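The values are calculated or read from the model by the stated rules, or taken from the named source; none is laboratory data. This one's a predicted model, so the numbers in the text were calculated from it and none came from an experiment. All Cβ positions, even for glycine, are placed from backbone atoms using ideal geometry, and neighbour counts span all protein chains on display. These area figures cover heavy atoms from the full protein model, side chains too; ligands, DNA and RNA do not enter into them. Shrake-Rupley method; radii C 1.70, N 1.55, O 1.52, S 1.80 Å.
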Amino acid sequence: MPLALTVLGTASPHPCPGRPASGYLVRGGGAEVWVDAGFGTFAELRRHTDPERLDAIWISHLHADHSADLLAAVYGLAFGGLTPPAPVPVYAPRDCAPRLAGFFGRPDASFLTGIFDFRPLSDGHTARHGGLTLTARAVVHDTEAYGLRAACDGKVLAYSGDSGPCAALGGLAAGADLFLCEADIDRHREGEQRVHLTPEDAGACARGARRLLVTHVGPTLNRAAATARAAAVFGGPTAAAVEGDTHTL
């Protein structure tokens, strides 16, 4: 199975009609991984695969537009007849399990052990499923956050997650066949913490990659304009991430 990315959702910071929040399906080496679980992405995931077939779930950070549909997955996998054959590994910041438990009014997440196996991320964390290797890199955001390099058969998909400008993004993109990168904001405001990227930031961070795919475009921008601005800086093949599209590396 070649390395491939299917776009489930790209909206920021909330879902729009026909456009769920952040979520992606990564396939490669016989493995299927749901990367980020923003609002509305569990339903879109089901368009492309049976959730029972997931080898892992990977969450870049715990903001709701990247993680809230873990709740939908709980209802589907625990109560909706989509029970996986074994608990699904969930790679996420360490507060993921208690946050889910809190939603259900439980003191801990032990009631989820039949469906989820929570595994905390850290900088440099690596996991392997089939022929697919997932490596996390800490990035700069206003909460614990990670970018991802997914590698299979010599191909590399890199993903920024949510991040402000930082050296880690250049490392993620270096040598990647495709860099999936956020371009959330129109510009940085004076004195404001830089926790997201402009399209120009995305283009600059992507320069070590072969192709750039722009995602997570916020409400002060539109996808076409953000993609054009990122492409002007990147100087290589650039496209917008669009729901339902699959990119094979």
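Whole-Hz ³J(HN,Hα) for each residue in segment 50-63, computed from phi via Karplus 6.51 cos²θ - 1.76 cosθ + 1.60 with θ = phi - 60°, x for glycine and proline: what do you get?
7, x, 5, 8, 4, 8, 6, 10, 10, 10, 5, 6, 9, 4
Can you tell me the alpha carbon radius of gyration of segment 3-48 divided by the globular rule-of-thumb value 2.2 N^0.38 Å? List each step's numbers first, then the result.
Values: Rg = 10.4 Å, N = 46, 2.2 N^0.38 = 9.4 Å.
Normalised Cα radius of gyration, segment 3-48: 1.10.
Dipole magnitude of the chain about its Cα centre, charges +1 at Lys/Arg Cβ and -1 at Asp/Glu Cβ only, in debye to the nearest 20?
400 debye
Around VAL233, under 10 Å between beta carbons, what's the net of Lys plus Arg minus Asp minus Glu among the other residues?
Details: positive: ARG207, ARG229; negative: GLU200, ASP201.
Net charge in that neighbourhood comes out at 0.
Would you list the P(r) distribution for segment 139-220, with all Cα-Cα distances sorted into 10 Å bins from 0 and each bin expressed as a whole %?
That works out to 21, 53, 22, 3, 0, in percent per bin.
Which of TRP58, GLY80, ALA224 sits closest to the plus end of the dipole of the chain, meaning its Cα is farthest towards the positive end, when Lys and Arg get +1 and Asp and Glu get -1 on the C-beta?
ALA224
On average, how much accessible surface per residue is there in the chain, in Å², for a 1.4 Å probe, leaving out ligands, DNA and RNA?
39 Å²
So how far apart, in nm, are the two label points at ARG19 and ASP142 if each is 7 Å from Cα heading toward Cβ?
Result for the modelled spin labels: 2.1 nm.
Cα extents of segment 39-142 along the three principal axes, largest first, in whole Å?
36, 34, 24 Å, listed from the longest principal axis down.
Separation between the ALA174 and ASP108 pseudo-spin-labels, each 7 Å from Cα along Cα→Cβ, expressed in nm?
4.1 nm
Using Cα-Cα distances under 8 Å and only pairs 6 or more residues apart, what relative contact order does the chain have, in percent? Mind showing how you got there, number by number?
Values: 647 pairs, mean separation 43.2, N = 249.
Normalised by residue count, the contact order of the chain is 17 percent.
For a quick protection proxy, order the peptides 192-200, 212-220 by their average other-Cβ count within 10 Å, most packed first.
Per-residue Cβ counts within 10 Å, averaged per peptide and sorted highest first, yield 212-220, 192-200.
What does the helix-only formula give at 222 nm for the chain: each DSSP H stretch with n ≥ 4 adding -39500 (n - 2.57), the total divided by the residues, and the result rounded to the nearest 500 deg cm²/dmol?
Working: 7 runs with 51 residues, N = 249.
So the calculated ellipticity at 222 nm is -5000 deg cm²/dmol.
Once fully extended, how much extra length lies between GLU52 and THR126, figured as 0.36 nm per residue of separation less the alpha-carbon to alpha-carbon distance?
Fully extending the segment from GLU52 to THR126 adds 24.4 nm.
Could you tell me how many degrees, from 0 to 90 and to the nearest 10, lie between the Cα long axis of helix 223-234 and the main elongation axis, the longest principal axis, of the Cα atoms of the chain?
That helix lies at roughly 60 degrees to the long axis.
What do you get for Rg/Rh over segment 19-84 if you use C-alpha atoms and the Kirkwood form of Rh?
That ratio equals 0.94.
How would you order 4-14, 103-113 from highest to lowest mean count of nearby Cβ atoms within 10 Å?
4-14, 103-113
Using a 1.4 Å probe on the protein heavy atoms, what percent of the accessible area of the chain belongs to carbon and sulfur?
Working: 5020 of 9810 Å².
Roughly 51 percent of what the probe reaches on the chain is carbon or sulfur.
What percent of all Cα-Cα pairs in the chain falls in each 5 Å bin, counting up from 0?
Calculated over all Cα pairs of the chain, the distribution is 1, 7, 15, 20, 21, 17, 10, 6, 3, 1, 0 percent.
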